[in-house]
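In what follows, a structure is listed as structure tokens, so that the remarks can point back to it.
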Amino acid sequence: MRVLIVALGTMGDVAPYTGLAARLGEGGHEVAVAAYARFAGMVRATGAEFREVSGDPAAAGGWTQAEDGRQAIRSMRESVLDRGRVILDAARSHRPDVLLLSLPAMPGLQVAESLGIPCAGVFLDPLYPTAEYPPTYLPISRSLGPWGNRTAHHLMNGVFSLLLDGATNQLRAGLGLPALSRREIARQIARTPVLHGISPAALPRPADWPETMEMSGYLWPAVAPGWRPPADLADFLAAGPPPVFVGFGSRSMSGQEAEKIAGIVGEALRRTGRRGVLQAGWAGLTGHSDDVVTIGETPHEWLFPRMAAVVHHAGAGTTAAGLRAGVPTVTIPILGSQPFWGGRIEALGAGPAPVPYRKLSVDRLTAAISAAVSRPGYRAAAEALSGRIAAEDGAGRVLAALDRLAGRAAADDRT
């Protein structure tokens, strides 16, 4: 079966699909990944074909670098037609039998309908309403209770509908499809199979979800065969006790902001008496101490188990990697689903309460790191979760679902 994975977004939105692409290829499928140009090498290293989509996820003002949730939603609305167009172009190029869509690639639902091919979601964040936890894209980190959670979901979906349904129907018109009402769009989403690349150990599947929604287990980025750590990093790790990792992933920052954040991090590490590994990321963060080493892209699978704790923005993939490593986590959420995942870390007992990025200070970060590395309960909870996650096979679950989909498609063809 020819499979097109559409993975739109930043590094954390794309990297987990590289491991999935490799696994699907091993399962006998012809796989292509549609993503932004900066991820071409990462995709091709898995053996999958690469289909370039236009755009730059590091560009200021876009939905990937929004300053807050309101700007992100506005940018997502404005980009519906563009995302639909690039997905259509990629599909026409690859001629897939099935589309697998990341959450930002949801306009692909309309593309799949226009092409008459099946599609499924493979999401890294949950979206469908439930009474069991609040919406992932509200800036809150704790449950509102069953009634409050469901009400918040419906309110959020109403906002999404008002902002996005018009653009969705514009896309449908351009594809030669009839317009859909708000209720029809909701039904379209509900009947689309979605495999969530999320561990049920970290977030159990809600009992009130429809059968189309599954928690498949985490998806892990592919690691290049023969990868070796840079000599300066290996030497630093060997020269002392386990350090604390700090990184903000694909978040872009001005030079002034990056310097401020690096200063806060450096001082907090000094006060806690901890060495640090600072990931430059897209912000270009740089350490200014002999006790801090600055690194580029480094596989979390290798790095995180060597840390005393990990401090990060609570992106879905980085959160998963910290739990997999079994080390305590300090989260500094910025926007999107990050407050939600920061709240999950606290609820799971794997780290202290989130420190919101807008409230980040030396005192707050010092207190959070001190708690993470000194309280045995955080490490014990993280290690227990790590053991449960190790027994899961998220990519295998997606492969099995794809094989079932292929069987149904073959049966439909025979009839």
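The values are calculated or read from the model by the stated rules, or taken from the named source; none is laboratory data. Just so it is clear, the model here is predicted, and its values are computed rather than measured. Using ideal geometry, Cβ is built from the backbone for each residue, glycine included, and neighbour counts are taken over all protein chains shown. Ligands, DNA and RNA are excluded from the accessible area calculation, which covers all protein heavy atoms including side chains. Shrake-Rupley method; radii C 1.70, N 1.55, O 1.52, S 1.80 Å.
Descriptive notes on the structure:
- Within the set Ala234, Ala224, the sole residue that is farther than 23 Å from Pro134 by Cβ and without any contact (Cβ under 8 Å) to a residue 40 or more places away in the chain turns out to be Ala234.
- Close contacts from the range 238-264, counting a first residue that is without any contact (Cβ under 8 Å) to a residue 40 or more places away in the chain and a second that is assigned to a helix (DSSP H, G or I) and among the basic types (Lys, Arg), with Cβ to Cβ under 9 Å and a gap of 6+ residues or different chains, come to Met253/Lys260.
- Note on the range 298-312: residues that are crowded, with 19+ Cβ neighbours inside 10 Å and out of contact with any strand residue (DSSP E or B) (no Cβ under 7 Å at 6 or more places or on another chain) total 1.
- Hits in the range 266-294 (condition: in contact with a strand residue (DSSP E or B) (Cβ under 6 Å, 6 or more places away or on another chain) and closer than 30 Å to Val122 by Cα): Gln279, Ala280, Gly281
- Selected residue (criterion: farthest from Arg375 (Cα to Cα)) from residues of the range 269-283 that are without any contact (Cβ under 8 Å) to a residue 40 or more places away in the chain and assigned to a loop (DSSP other than H, G, I, E, B): Ala280
- Residue check for Ser181: over 22 Å from Asp125 (Cα atoms) and of a type in the set (S, T, N, Q): yes
- Every residue from the range 297-332 that is outside any helix (DSSP H, G or I), more than 14 Å from Gly12 (Cα to Cα) and in contact (Cβ under 8 Å) with a residue 40 or more places away in the chain: Met307, Ala308, Ala309, Val310, Val311, Gly326, Val327, Pro328, Thr329, Val330, Ile332
- Consider the range 141-159 and keep the residues that are in contact with a helix residue (DSSP H, G or I) (Cβ under 8 Å, 6 or more places away or on another chain) and surrounded by 17 or more Cβ atoms within 10 Å (Cβ to Cβ). The one that is farthest from Ile332 (Cα to Cα) is Asn157.
- Some residue of the range 107-126 being of a type in the set (Phe, Trp, Tyr) and either under 23 Å from Thr318 (Cβ atoms) or free of Cβ contacts under 8 Å to residues at least 40 places away in the same chain (or both): yes
- Filtered residues of the range 105-140 (kept if in contact with a Lys or Arg (Cβ under 7 Å, 6 or more places away or on another chain) and not in a loop (DSSP other than H, G, I, E, B)): Ala105, Gln110
- Selection within the range 222-251 - more than 15 Å from Glu297 (Cβ to Cβ) and either open to solvent by 40 Å² or more (accessible area, probe 1.4 Å) or assigned to a helix (DSSP H, G or I) (or both): Pro225, Gly226, Ala231, Ala234, Asp235, Phe236, Leu237, Ala238, Ala239, Pro241, Pro242
- Residue within the range 169-183 that is at pLDDT below 95, under 25 Å from the mean Cα position of the chain (by Cα) and not aromatic (Phe, Trp, Tyr) present: no
- Those residues of the range 16-39 which are open to solvent by less than 10 Å² (accessible area, probe 1.4 Å), closer than 17 Å to Ser216 by Cβ and among the small types (Gly, Ala, Ser), in sequence order: Ala21
- For Ile198, the criteria (1) open to solvent by 10 Å² or more (accessible area, probe 1.4 Å); (2) touching a strand residue (DSSP E or B) at 6+ places or on another chain (Cβ under 7 Å) hold in every case but one, which is (1).
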